[in-house]
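Peer 1: Encoded as structure tokens, here's the structure I'll be asking about.
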Amino acid sequence: MEDKPRIGVYVCHCGTNISATVDIDTVTSYARSLDSVVVAKDYRFMCSDPGQDLIKQDIRELGLNRVVVASCSPLMHEATFRRVCEEAGLNRYLFQMANIREHCSWVTENGKEATEKAKALINAAVRRVFYQEALEIPEIPVNPNTLIVGGGIAGIQAALEIANSGNKVYLVEREPSIGGHMIQLDKTFPTLDCSACIMTPKMSDVGSHPDIELMSYSEVEEVSGYVGNFKVRVRKKARYVDEKKCTSCGVCQEKCPWKAPSEFDAGIGERKAIYIPFPQAVPNIPVIDTETCVYFKTGKCRACEKFCEAKAIDFEQKDQYIELEVGNIIVATGYDVFDPSPIIQYGYGRYDNVITGIEFERMCNATGPTGGNIVLKGGSAPESIAIIHCVGSRDEHYHAYCSRVCCMYALKFAHLIKEKTDAEVYQMYIDMRCFGKAYEEFYQRIAEEGVKFVRGKVSEVTDQAINEEEKGKLILVVEDTLLGSVIRVPVDIVILATAIEARSDAEQVARLFSISRSADGFFLERHPKLDPVATMTDGIQVVGCCQGPKDIPDTVAQASAGAARVLAMISKGKVELEGITAVVDEEQCSGCKTCISLCPFNAISFDEEKKVSRINEALCKGCGTCVAACPSEAITQRHFTTEQIMAELEGVLV
Amino acid sequence: MATLAPYKEAAQIIEEEGGEALKLCYQCGLCTAVCPWNRVTSFTPRKLIHQAQLGLVDFEHDEVWRCVSCKLCVDRCPRGVRVMDIMRALRRVIVEVGAGITPDALRLSMKNTSGVGNPLGEEREKRTDWVKELGVKTFTKGTEILYFPCCYQIYDPFGKRVARAAVNIMKKAGVDFGMLGAEVSCCGESMRKAGSESIFQNLVQSNISAFAEAGVRKIVVTSPHCYHTFTEEYPEFGGDFEVIHFVQYLSELLREGKLEFTKKLNKKVTYHDSCCLGRYAGLYDEPRQVLESIPGLELVEMRENREHALCCGGCAGRFWMETKKGERWSDLRIAQAIEVEANVLAVACPYCMLNFQDSLLSPEWGDALELKDIAQLVEEAM
Ligand SMILES: Cc1cc2nc3c(=O)[nH]c(=O)nc-3n(C[C@H](O)[C@H](O)[C@H](O)COP(=O)(O)OP(=O)(O)OC[C@H]3O[C@@H](n4cnc5c(N)ncnc54)[C@H](O)[C@@H]3O)c2cc1C
Ligand code: SF4
Ligand code: SF4
């Protein structure tokens, strides 16, 4: 140890959060009595500017070389006080925090005990900081290229924001075209813009942007590396159409004799075995679905090939693997729509005229299978339509959360129905949630259009009529909770406002990118309020509905925020890495490799020559797994050395 | 206009019983829409829950006595509210705290049960007599199984037939079983649901010690109510024994090849899932397996079956209360059985049996439908 430790201790009142329970004077004078403590002071708000200045001044004037702040949780302010130390010329790892709020004053009303515990925690921090050492904070350059996964509105927005600044973007989309769910929508609330009209310009910008490399019909297979320097392996699935030769004339899909349900039309329309999913698709190149294509089953047909003048059909095409190097990754994989078939009482799949919201969007759309006509199966016009809210949402049997868009799209549907038909519309809702800008106004507008609101959760949809009016109808049974009585509502079409849920492969995707998921299945953000775009893995952002249900405005805002994060990092050009890493003592290492298989960040490699493990400091996150596992005790964790931990323990125990 | 002034003691009992879940109700009304009462009259459990949340229940209102604890709504409630537990709590406030008036019929059954250990008000000694009449040995230490029939299968002439059938089957299958007489009492399940926690707990204590004294380890019951309380409620009070319902036992005997059928029953049978065996215990397959194994028997399903089965209307003390003609669920259920052209309605619960029996007395049904417990059908075919 270079200099003899000179420790300063700063006790915070946190307004009255701490001082109302903990006796600040007792604690401060106790701190002053501790070994190596040069100064101990208290202040109303240590985190405020004057509080910070107090520490800086003491470091400079009293020559402090260790600092302890006894205040709130390190989660709250460790970064603040580390910065304060650095600004006064002290390495950030020479700082230690004692949590006397969450661990003392907030958990008891007994002032005496709280004070005793505060003393113990401060003693522990002082003893610990005594042994702490300055650590180097490595910096590495950032690769300016960015990978964006998912080409829905979120991925598209982020890609354009980044590429427009002149930086390279790789946009990987699993489906044959970008567009995601938004391109399936007919109109969008609350302004009722035509979804395709506002979406397709952005899609074609992506397709033609010099700085965006669009990799459609592709999937990320492998990710390695770390913030600033990721390596990614992408599988470009065989389309069986040569993208360079194809002129997008569409004759192949015209001539192909084989049909399957159209994914784009949510299964209510059909497409061919070779198909461009929808007219405005980007890229506008067909793909052969080998499940439906008869050539792939029997070896006969090849009709498309015969008619393709550009000779673009290539039955021999193989999947390609492409390696990318990027500095940042944005995950924008969106959501799945809840499948309502398990709620058998609603008869989805059993009754033809019970449909989901997304099916209704396609039915409403002029390019959809009904040419935009709202009709019953068979083509007749409806006299009445009911929309059931919260299907799969706000229900502990399915998803406990609110999907946030269903009330609003249900209102939108009511408007579209009123506009296109003479049908009566019923909204079966539990609570109307119209929280966004201009949303309440939209609710009011739809109410003015003469929609009927029934407050209650529908118990069943049945075709068992009990009187003449109900004959041939679908009858909804519900308690109108405002009337306080059970009513039966006969209608022709029932639309289920189905939940937005995490993608069925969210678990695999999370593992691929080393990110976490919250209990609801969506990807977990670093902080729900203060950092809703970053993840716990540096360099990886989550934007759009893959992070949680949201509408388009929120999706676009979050995507732009994600892009801003990436751009900030690119413009800074380098990233600081954590100084707390593990080191192998080569003398002690027996070369058993236990640590290598355990490291969750693949940070350890084996030096075949010396037969010892070696830790890559840029990859090491300082999780300590290897430290605990090493049978030869050859690994030390910086900032968590045995000496430091023992001293801290002694501090609490004595 | 009423001023919000909650009845504190009541609120506390309700909160204890309905627990955290009561607070979770968000008034969607699904329970009301699901509740079968609304097919025959009107009843809004949702409103009662809200009143309970605010501590503003009208204890004089007969709504408090409606819920039969059929559990249909509970299985659907999006917030996991145990509606029937809250209904039970409301009754407890009336019965135990005196916040309202207990209906006469129910009071009589309670008085009987606490006095002589059975709701019918019959003498205890008759239990012992019935065991003798059946020719079953008294349960003693070392006997493998205790057969414990429902009070209605001991005292009611119609119910008795089921106990007799069960006994005959077990004898034929060579089972080592015995019975207890005056030492045991009603299981108390319905007392608790009807709101009398103290009567229930007394019965539990006396039965648990009677079982312990006799060295009982395994009990076969012919009522799903005994089954429910023995498996789910007695353990809280220290009850520690294995319990199986007779249909489970039959399906076990069947698997082991111990049931031999000698006769064909050329009948079209439909099975009514009782709530306690179905929604409470999830025993849907066993009764159907047993029925289908009977030679010649054709099993048909009613429109509402298994998880969705309509309750007979007789649980939670409702059994003792008069339900107006036109409001009886048992009538709806019989119509469902007739709709699928069954000639036998099979049950596995004494309450269901007596409720349907009552309904079938009405001339409107003619004699299209026979009512049988599964045990009786099995006995017939042996
Ligand atoms: C019926 C309905 C109506 C709606 N109406 C409106 C409205 O009127 N107004 C409004 O504001 N909001 C509306 N919404 C909400 C809106 O759909 C979403 O806010 C928006 O689509 C979210 O976009 P996203 O990019 O996050 O997700 P998505 O649209 O789901 O896009 C995700 C993209 O990622 C791709 N992908 C997924 N996984 C991978 C992977 N592993 N690798 C590569 N690519 C992958 C998908 O193919 C897709 O293209 C509606 C929602 C529904 C269900
Ligand atoms: S179903 Fe559940 S949440 Fe809905 S009103 Fe009934 S108890 Fe409340
Ligand atoms: S348990 Fe049955 S009777 Fe009671 S409220 Fe629910 S549905 Fe109605």
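The values are calculated or read from the model by the stated rules, or taken from the named source; none is laboratory data. For clarity, every value in this text was computed on a predicted model and none was experimentally measured. Backbone-built Cβ (ideal geometry, glycine too); neighbour counts: all protein chains shown. Protein only, heavy atoms only, side chains kept; ligands, DNA and RNA dropped before computing areas. Shrake-Rupley method; radii C 1.70, N 1.55, O 1.52, S 1.80 Å.
Peer 1: Which residues, taken from region A:385-401, are aliphatic (A, V, I, L, M), buried (at least 24 other Cβ atoms within 10 Å of the Cβ) and facing chain B (nearest Cβ under 10 Å)?
Peer 2: Selection gives nothing.
Peer 1: Next up: Look at A:Ser36 and say whether it is open to solvent by 10 Å² or more (accessible area, probe 1.4 Å), in contact with a Lys or Arg (Cβ under 8 Å, 6 or more places away or on another chain), farther than 21 Å from A:Cys104 by Cβ and small (Gly, Ala, Ser).
Peer 2: Yes; evaluated as a whole, the condition is true for this residue.
Peer 1: Among what's in region A:402-412 and is in contact with a Lys or Arg (Cβ under 7 Å, 6 or more places away or on another chain) and open to solvent by 20 Å² or more (accessible area, probe 1.4 Å), pick the residue that is farthest from the other protein chains (Cβ to nearest Cβ).
Peer 2: A:Arg404
Peer 1: May I ask you to list pairs of residues, at least six apart or on different chains, whose Cβ atoms are under 9 Å apart, with the first in region B:23-49 being at positive phi and the second being within 16 Å of ligand 1 (Cβ to nearest atom) and aliphatic (A, V, I, L, M)?
Peer 2: Taking only residues 6 or more apart or on different chains, not a single pair turns up.
Peer 1: If you don't mind, there's one more thing I want to ask. Taking A:Ala447, is it more than 14 Å from every other protein chain (Cβ to nearest Cβ), in contact (Cβ under 8 Å) with a residue 24 or more places away in the chain and of a type in the set (Gly, Ala, Ser)?
Peer 2: Answer is no for this residue.
Peer 1: State the number of residues belonging to region A:347-358 that are open to solvent by less than 20 Å² (accessible area, probe 1.4 Å), under 11 Å from A:Val494 (Cβ atoms) and within 16 Å of ligand 1 (Cβ to nearest atom).
Peer 2: Final tally of qualifying residues: 3.
Okay, residues lined up against (1) among the polar types (S, T, N, Q); (2) within 16 Å of ligand 1 (Cβ to nearest atom); (3) in contact with a Ser or Thr (Cβ under 6 Å, 6 or more places away or on another chain); (4) closer than 15 Å to B:Val68 by Cβ:
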site	(1), (2), (3), (4)
B:Met302	no, no, yes, no
B:Arg306	no, no, no, no
B:Cys311	no, no, no, yes
B:Ala316	no, no, yes, yes
B:Glu322	no, no, no, yes
B:Lys325	no, no, no, no
B:Gln336	yes, no, no, no
B:Asn343	yes, no, no, no
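Peer 1: So, B:Cys28, is that one within 14 Å of ligand 2 (Cβ to nearest atom), closer than 25 Å to B:Gly188 by Cβ and crowded, with 21+ Cβ neighbours inside 10 Å or not?
Peer 2: Against the criterion (within 14 Å of ligand 2 (Cβ to nearest atom), closer than 25 Å to B:Gly188 by Cβ and crowded, with 21+ Cβ neighbours inside 10 Å), B:Cys28 does not qualify.
Peer 1: Moving to a separate point now. Cβ-Cβ below 6 Å, separation at least six or inter-chain, first residue in region A:358-379 and closer than 16 Å to A:Cys197 by Cα, second among the aliphatic types (A, V, I, L, M) and open to solvent by 20 Å² or more (accessible area, probe 1.4 Å): which pairs?
Peer 2: Cβ pairs passing all conditions: A:Glu361/A:Leu185; A:Arg362/A:Ala266; A:Arg362/A:Ile268; A:Gly372/A:Ala366.
Peer 1: Starting from residues that are assigned to a strand (DSSP E or B) and not polar (S, T, N, Q), keep the ones in region A:439-472 and report whichever is nearest to ligand 2 (Cβ to nearest atom).
Peer 2: Among those that are assigned to a strand (DSSP E or B) and not polar (S, T, N, Q), it is A:Arg455.
Peer 1: Also, quick follow-up: Considering only residues that are within 11 Å of another protein chain (Cβ to nearest Cβ) and of a type in the set (D, E, K, R), which ones fall in region A:455-476?
Peer 2: Hits for region A:455-476 are A:Arg455, A:Lys457, A:Glu460.
Peer 1: Of all residues in region B:49-65 being farther than 12 Å from B:Lys23 by Cα and within 14 Å of chain A (Cβ to nearest Cβ), which is nearest to ligand 3 (Cβ to nearest atom)?
Peer 2: Of everything passing the filter in region B:49-65, B:Glu63 is nearest to ligand 3 (Cβ to nearest atom).
Peer 1: Just one of the numbered conditions (1) modelled with pLDDT of 95 or more; (2) part of a loop (DSSP other than H, G, I, E, B); (3) surrounded by fewer than 21 Cβ atoms within 10 Å (Cβ to Cβ); (4) within 16 Å of ligand 1 (Cβ to nearest atom) is not true of A:Ile268; which one?
Peer 2: Of (1) modelled with pLDDT of 95 or more; (2) part of a loop (DSSP other than H, G, I, E, B); (3) surrounded by fewer than 21 Cβ atoms within 10 Å (Cβ to Cβ); (4) within 16 Å of ligand 1 (Cβ to nearest atom), only one is false for A:Ile268: (1).
Peer 1: With the requirement that a residue be small (Gly, Ala, Ser) and either surrounded by 15 or more Cβ atoms within 10 Å (Cβ to Cβ) or within 16 Å of ligand 3 (Cβ to nearest atom) (or both), what does region A:359-371 give you?
Peer 2: Residue satisfying the conditions is A:Gly368 alone.
Peer 1: Next question. What tally of residues in region A:309-345 results from selecting those that are away from ligand 1 (no atom under 16 Å from the Cβ) and over 19 Å from the mean Cα position of the chain (by Cα)?
Peer 2: Result for region A:309-345: 17.
Peer 1: Sticking with this one: Would you pick out the residues in region A:477-491 that are open to solvent by less than 20 Å² (accessible area, probe 1.4 Å) and either more than 9 Å from chain B (Cβ to nearest Cβ) or assigned to a loop (DSSP other than H, G, I, E, B) (or both)?
Peer 2: Once the filter is applied, which keeps residues that are open to solvent by less than 20 Å² (accessible area, probe 1.4 Å) and either more than 9 Å from chain B (Cβ to nearest Cβ) or assigned to a loop (DSSP other than H, G, I, E, B) (or both), region A:477-491 yields A:Thr481, A:Val489, A:Val491.
Peer 1: In region A:628-654, how many residues are surrounded by fewer than 20 Cβ atoms within 10 Å (Cβ to Cβ), closer than 23 Å to A:Met536 by Cα, of a type outside the set (Phe, Trp, Tyr) and touching a residue at least 24 places away in the same chain (Cβ under 8 Å)?
Peer 2: Here the count works out to 1.
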